[in-house]
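Can you keep this structure in mind? I'll have questions shortly.
Taken together, the values in this text are just the output of simple stated rules run on the coordinates, not laboratory data. From a predicted model like this one, the values you see are computed outputs, not experimental measurements. Because the Cβ atoms are built from the backbone with ideal geometry, glycine has one as well, and the counts that use them run over all protein chains shown.
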Amino acid sequence: MNTASFESCFRSKIPFSFGTKEYSAYEAMLPVLLRRMRMPHSIPNIVSLGDPEQDGDDQLADIVLCHLHSMGVLNYMGSIANHHPSDKRANFLRTQHFLLGTPEVLVAAGTDGTGGREHRALYYHELQNQTFDDQEWNKNDHIDGHRLLHQILNNTTTSNKVSILNTSSFQDLSEYFKTQDDQTLRERIGKVVSQGGYKIEYGLPQPDLTAMNNKFNPEAATYVTTRLGKLNIPSDAWGKQVAAAAALDRDFLKTLPGPLGYHIGWLADRKDYKYYFDALHQPFMPHLGKEWLLEIYMGIPRDSKEFQEILSQPLPFQTFLKAAKYPAYDACAAIGTLDPEILRCLGILEPSTGLGQVQTHRLDKGCTNIYVQESRGKDTDLKSPIFFANLQCQLRYFQAAVAIFEDGRRLQKGVKP
């Protein structure tokens, strides 16, 4: 495809009207995308690992990647669904790919994510939508996650490495890494982006076990972090503060049409009630109590008078829901798989005077924490600022991609695509 054809195709897929600020945000990427066409192996390769339906933001991360894949911004090579029952989670992902018009994005079923430690029934919000269970694509067996990683990385050239997005347990990556020598990993993996965090212990980066994705399987998270550090493979961890800073208004849930849009809204209400109830009555982890709910989900600064007032009073669910935001943890990390040139085009890596910024903190051995910068200590090595207001905008724009595909609406009427 020549540059003129690509540009025409790209513009035709922008899900907003010409002349709007949303259209302009997409248009800003064109100079970089057109320049890429003159460079071999320049489109980023992405593979993701997540636990769709455990919460809602894995689904949003996958939507972001599928949409940018369809726009030619990246090459989404495959996705691995882990956590029991991983085969049903894989079916959910495969359905989403068909509804978004990207059935070529491969899907695999991964591990249980906990090393066999977790045995629980599904939560009441998980995998309840059976609308498309009988479609042809869900009648085929899935390949396993290890095989998909091997297939993708073995077909990757050293000049166009794969970026890995991990928004769940590190067990699948750990098991795969243990079967590969250092040279293979170093030559085939460009970077690893995760939702979680790192900390330094005895001068070395270690996973922050207060981050749920690290806690699922601490041994696996530690092994992957240590191996990446040893090989000096860049790894970016997007923390909860980023999701809070770029949290979406829940109103966006009402504007997403079609089966996927309806399901995202349905899931959000039920998931948020579980988070609300657990935080007030039985926190899943000690730090996930009412303070976490107010700071991360309601966006209230801990040092504010409002925070202390609400903390000391009963919090009815309707009051919480009215003020609650939608912190799209994993979708933020998905944005982090894009190359810096694209992020700058979108304004996400541009500093902005007078507005809060998310910063990256470069740790040893190539590990990076992405977080909201609260102070500029003299020992802190800060990298490119992230303008979280623009990050929030792009998340909202990319979710609108759900509205532009007709396959889902046709399938609801029983018509095969």
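What full-extension length gain, to one decimal in nm, is calculated for LYS13 and LEU321 as 0.36 nm per residue of separation minus the Cα-Cα distance?
Details: separation 308, 0.36 × 308 = 110.88 nm, distance 3.41 nm.
The LYS13-LEU321 span can extend by a further 107.5 nm.
Where a Cα-Cα gap under 13 Å defines reach, which aspartates and glutamates qualify for LYS178, not counting those fewer than 8 residues away within the same chain?
Qualifying aspartates and glutamates at Cα under 13 Å: GLU219.
Just want the answer: with Cβ charges of +1 for Lys and Arg and -1 for Asp and Glu, which residue in PHE284, GLN318, ALA4 is farthest toward the dipole's positive end in the chain?
Positive-end residue among those listed: ALA4.
Per-residue counts of other Cβ atoms within 10 Å, averaged by peptide: what ranking do you get for 71-84, 276-289, highest first?
71-84, 276-289
Let me ask you something else. Using the crude model of +1 on Lys and Arg Cβ and -1 on Asp and Glu Cβ, and no other charge, please compute the dipole size for region 192-317 relative to its Cα centre, in debye to 20.
Dipole magnitude for region 192-317 comes out near 300 debye.
Would you mind estimating how fast region 270-324 diffuses translationally, via Stokes-Einstein at 10 °C and 1.306 mPa s with the Kirkwood radius over Cα pairs, in µm²/s?
142 µm²/s
Continuing with the same structure: Suppose a student asked you for the relative contact order of the chain, using Cα pairs under 8 Å spaced at least 6 residues apart; what percent would you report?
After rounding, I find 19 percent.
With just the Cα atoms of region 207-342, tell me how far they stretch along each of the three principal axes, in Å, largest first.
49, 38, 26
In region 146-206, which trypsin sites (Lys or Arg not before Pro) fall in coil by DSSP and have 11 or fewer other Cβ atoms within 10 Å?
LYS178
Something else about it: Mind checking the dipole of region 46-119: about its Cα centre, +1 per Lys or Arg Cβ, -1 per Asp or Glu Cβ, Debye to the nearest 20?
180 debye
Oh, and also: Quick one: which residues, 5+ away or cross-chain, put their amide H under 5 Å from the amide H of ALA108? H built at 1.01 Å from N.
SER79, ILE80, ALA81
Could you derive backbone 3J(HN,Hα) for region 80-85 from the dihedral phi with the Karplus parameters 6.51, -1.76 and 1.60 (θ = phi - 60°), listing whole Hz in sequence and x where the residue is Gly or Pro?
Going residue by residue, I get 10, 9, 10, 6, 4, x Hz, with x marking Gly and Pro.
Between their Cα atoms, which of LYS274/LYS322; LYS21/LYS191; LYS13/LYS161; LYS254/LYS322; LYS240/LYS305; LYS271/LYS325 are more than 20 Å away from each other?
Too far apart for the 20 Å limit: LYS21/LYS191; LYS13/LYS161; LYS240/LYS305.
Evaluate the chain: find the radius of gyration of its Cα atoms, find its Kirkwood radius, and give the ratio Rg to Rh.
0.94
Same structure, new question: Give me the dipole magnitude in Debye, nearest 20, for region 92-195 about the Cα centre, with unit charges on the beta carbon: positive for Lys and Arg, negative for Asp and Glu.
360 debye
Restrict the search to region 110-177; then list the GluC sites (Glu not before Pro) that DSSP places in a loop and that have at most 13 other Cβ atoms within 10 Å of their Cβ.
GLU118
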